[in-house]
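The structure appears below as structure tokens.
The values are calculated or read from the model by the stated rules, or taken from the named source; none is laboratory data. Bear in mind that the values here come from a model prediction, so they are computed numbers and not experimental data. All Cβ positions, glycine included, derive from the backbone under ideal geometry; neighbour counts span all protein chains shown. With ligands, DNA and RNA removed, areas are computed over all heavy atoms of the protein, side chains included. Shrake-Rupley method; radii C 1.70, N 1.55, O 1.52, S 1.80 Å.
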Amino acid sequence: MDKYDILKKYFGYDSFRPGQETLVDAILEGRDTLGIMPTGAGKSLCYQVPALLMPGITLVISPLISLMKDQVTTLNQAGIHAAYLNSSLTQGQYLIALRNMRRGQYKIVYVAPERLLTESFQEAVRGITLSMVSVDEAHCISQWGQDFRPSYLKIHDFIETLPVRPVISAFTATATREVREDILALLDLRDPVTLTTGFDRKNLKFIVQHPRDKMKTVLEYLKDHEQECGIIYCLTRKTVEEVCERLQREGYSATRYHAGLSDRERQQNQEAFIYDQKQIMVATNAFGMGIDKSNIRYVIHYNMPKNIESYYQEAGRAGRDGLPSECILLYAGQDVITNQFFIEKMEGSEAMDDETARQVQERERERLKKMTFYCTTNECLRAYILGYFGEYGSNYCGNCSNCLTQFEESDVTGIAANLVGCVRESRWTYGMTMIIDTVHGSKNAKVLRGRMNENPYYGSCEEVPLYQLRQVMNHLILNGYLQLTDDNYPVVRLAERSGELLEGKTVTMKVAKEQPKEKRKPEKEKNRKLPKMGQDVDPELFAQLRELRLEMARKEKVPPYIIFSDKTLAQMCTLRPRTRAQMLEVSGVGEFKYEKYGEQFLQKIRELSADGTIPEKPEPPEETSVGEAEENISGQEKKSGKRAVKQSLS
Ligand code: ADP
Ligand code: MG
């Protein structure tokens, strides 16, 4: 058997994804490797495939029990012998697992880093051949990241104790230089093959909204996505409680997760979500590390998170299966204030000296500012995120709310001049809100107390909506017409280019026009249940297959997506297999899984076709995967796609 046979037989896939094969080959040549690939790219396969081809056992170090469990269940379901060694096992179970490992019953063993140097584990390892040590979530070794685990530092010590050094491979989705250097150094990778794939997740659609009523926006969204699983992230426990309670009251299948709940409840709620018993998880950022659930169709941020790193990580939990998914951020000015509050509170809470604490806070403020710009920019959102991580590319993706909204070049000179004039004429320096409130002619207490109603520009933009004033203000700051100071309470000051404005320079900016509601609606309703799976997916068939999957998952006590992913079910709907051979063509159906589940799915498809519940099989589609189809679009077509969007809206 070679790597392709393994890929097909056990995992049911026909080809490797970008980057995977290079890493598999490197490992098989005995080279140390470091793979840096975004969430959902398929890092696990990079060590699982070679593990099955190497003579001995592969140890996989993983930071979380839930991750290990998920992976081992997936492997066992694919017919691969694997086990995990961590604190979720009783002493008895642990010893049995160790014994089985010594007897060579597992090809892949997941182990918690804390176990590596224990007497019993060392003893067990002495009698076996280790082909590879693979470090998953390798960024946990770095103190630069957010997920530092001191026990990861033991991995190197452990490797030193081995009589023969195995191949070392490491994988992470964190791209920063510091983290990468830490991994290479602290794991002591020798002449490694390092591979970084792009960080773009083409199947994710990025959306920013500034709704007046967030709850209403969420409820409207959910009404259109009733069949789907999603996460709603909130900044505080209190918001989690409020949102979750409201959703439950409205009849949604929602559960919650935050650090204020008991371990038991957190565990239960997490499982309910993973096993598809609850559809919606409302949570703080405490939730998600170690969630490999592949069929999360949307991640809504009810509040703006503290920085782009967190945002991309959390939003990235959507669409691991590669199907189109949505990442929606609901922004409000209050989110900035809440985050600032968290940053101020950081002080003294950690064991660092004052100077370091100050620097850390400074950095966090800077990151918050960039996060805030994400919410207000008119640029392509994807380009903004990728640029933040140092990847530059096209500034039009066609799949984010900015690219998809009709842009309108608008002359904002009047508004701009009033804002700058107001700053110049203020007797004192103020934050953005005060300036905006002043030109808007607000009578709130702050404005009156600061006697800003005496400013000559007071009320000069009375008719301009506040959100638009904010957009112009941001544009002015971004383009150097005004500046925002770096203090605890950032204030607006004149900047280098302020003079140009006062001299009458014209300022234009792209302003996103509100899309007419009537135009959007029919499109939504057309394909309500399955807007994303493609035209050939019959909703009824898909629903029935999903039902069948859920039944089997309950019987087997595994999460449904581990039996077959949504993507695999969707492909069954398009291909409508009738025979074993045809079923094995479906991506994600390996031989072992076929033996276990294939017949029942075939049977279901036959039944539904015979009794006319579903129409005849449509013409075979040209593309088999949405992700691939998207990647095939050339730059030329993309551009014409943009024009088409514009035309259809105008
Ligand atoms: P990562 O660890 O990089 O976030 P995973 O290893 O969990 O990603 O893989 C994400 C999903 O992609 C899984 O459902 C996996 O089965 C699927 N996958 C991985 N490799 C392939 C492939 N070559 N073809 C199709 N699907 C794949
Ligand atoms: Mg992974």
Residues being within 16 Å of ligand 1 (Cβ to nearest atom), in contact with a Leu (Cβ under 9 Å, 6 or more places away or on another chain) and among the hydroxyl-bearing types (Ser, Thr, Tyr) - total across region 295-324: 0
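Being under 30 Å from TYR275 (Cβ atoms) and free of Cβ contacts under 8 Å to residues at least 12 places away in the same chain: is that true of ASN76 here?
Yes: the conditions hold for ASN76.
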Could you list, in sequence order, the residues of region 1-33 that are free of Cβ contacts under 8 Å to residues at least 24 places away in the same chain, farther than 24 Å from THR174 by Cα, part of a helix (DSSP H, G or I) and more than 11 Å from ligand 1 (Cβ to nearest atom)? ASP5
If we keep just the residues of region 75-106 that are open to solvent by less than 50 Å² (accessible area, probe 1.4 Å) and part of a helix (DSSP H, G or I), which is nearest to GLU137 (Cα to Cα)? LEU75
Any residue at all in region 316-333 that's more than 16 Å from ligand 2 (Cβ to nearest atom), of a type in the set (D, E, K, R) and within 23 Å of GLU362 (Cβ to Cβ)? no
Which residues, taken from region 566-614, are in contact with a strand residue (DSSP E or B) (Cβ under 9 Å, 6 or more places away or on another chain) and more than 16 Å from ligand 1 (Cβ to nearest atom)? none
Name the single residue that is nearest to PHE158 (Cα to Cα) among those in region 52-74 being in contact with a helix residue (DSSP H, G or I) (Cβ under 7 Å, 6 or more places away or on another chain) and within 11 Å of ligand 1 (Cβ to nearest atom). SER62
Where SER134 falls short, out of the listed (1) closer than 24 Å to GLU271 by Cβ; (2) assigned to a strand (DSSP E or B); (3) within 16 Å of ligand 1 (Cβ to nearest atom): (1)
Just to check your reading of the model, which residue among GLU599, GLU631, GLU622, GLU591 is touching a Lys or Arg at 6+ places or on another chain (Cβ under 9 Å), modelled with pLDDT under 50 and open to solvent by 70 Å² or more (accessible area, probe 1.4 Å)? GLU631
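Each row is one residue, and each column tells you yes or no for (1) at negative phi; (2) open to solvent by 50 Å² or more (accessible area, probe 1.4 Å); (3) among the small types (Gly, Ala, Ser); (4) in contact with a Leu (Cβ under 9 Å, 6 or more places away or on another chain).
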| site | (1), (2), (3), (4) |
| --- | --- |
| ASP538 | yes, no, no, yes |
| PHE542 | yes, no, no, yes |
| ARG549 | yes, no, no, yes |
| ARG554 | yes, yes, no, no |
| TYR561 | yes, no, no, no |
| SER565 | yes, no, yes, yes |
| LEU569 | yes, no, no, yes |
| MET572 | yes, no, no, yes |
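Listed residues ILE128, ILE36; which is within 16 Å of ligand 1 (Cβ to nearest atom) and either more than 28 Å from PHE16 (Cα to Cα) or at pLDDT below 95 (or both)?
The unique qualifying residue is ILE36.
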Scanning region 134-152 for residues that are open to solvent by less than 70 Å² (accessible area, probe 1.4 Å) and more than 16 Å from ligand 2 (Cβ to nearest atom), the one farthest from THR118 (Cα to Cα) turns out to be SER142
Number of the condition not met by SER44 [criteria: (1) open to solvent by less than 10 Å² (accessible area, probe 1.4 Å); (2) within 26 Å of the chain's Cα centre (by Cα)]: (1)
VAL464 meets each of (1) out of contact with any helix residue (DSSP H, G or I) (no Cβ under 7 Å at 6 or more places or on another chain); (2) open to solvent by less than 60 Å² (accessible area, probe 1.4 Å); (3) farther than 18 Å from ILE337 by Cα with one exception, condition (1)
Limited to region 139-162, what total is found for residues that are under 23 Å from the mean Cα position of the chain (by Cα) and among the basic types (Lys, Arg)? 1
Could you please give the count of residues in region 163-179 that are crowded, with 16+ Cβ neighbours inside 10 Å and more than 20 Å from the chain's Cα centre (by Cα)? 5
In region 415-446, what count of residues is obtained for those that are charged (D, E, K, R) and farther than 22 Å from ILE337 by Cα? 3
Hey, PRO50 outside any strand (DSSP E or B), over 19 Å from GLN105 (Cβ atoms), within 11 Å of ligand 2 (Cβ to nearest atom) and not small (Gly, Ala, Ser) or not: no
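Against the condition part of a helix (DSSP H, G or I), open to solvent by 30 Å² or more (accessible area, probe 1.4 Å) and charged (D, E, K, R), how does ARG212 come out, does it pass?
Taking the combined requirement at face value, the residue does not satisfy it.
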Tally time: how many residues in region 218-268 are part of a helix (DSSP H, G or I) and open to solvent by 20 Å² or more (accessible area, probe 1.4 Å)? 19
Helices (runs of 4 or more DSSP H) completely within region 355-454 that count 3 or more residues being in contact (Cβ under 8 Å) with a residue 60 or more places away in the chain: 381-388, 401-404, 413-425
Single condition LYS69 does not satisfy, out of (1) within 16 Å of ligand 2 (Cβ to nearest atom); (2) modelled with pLDDT of 95 or more; (3) within 24 Å of TYR597 (Cα to Cα): (2)
Can you find, within region 195-209, the residue that is most open to solvent (accessible area, probe 1.4 Å) among those that are touching an Asp or Glu at 6+ places or on another chain (Cβ under 9 Å) and of a type outside the set (Phe, Trp, Tyr)? LYS202
Which one is surrounded by the most Cβ atoms within 10 Å (Cβ to Cβ), of the residues in region 9-40 that are farther than 21 Å from GLU181 by Cβ and within 14 Å of ligand 2 (Cβ to nearest atom)? GLN20
Which condition number in (1) in contact (Cβ under 8 Å) with a residue 60 or more places away in the chain; (2) buried (at least 22 other Cβ atoms within 10 Å of the Cβ); (3) within 13 Å of ligand 2 (Cβ to nearest atom) is the one that THR58 fails? (3)
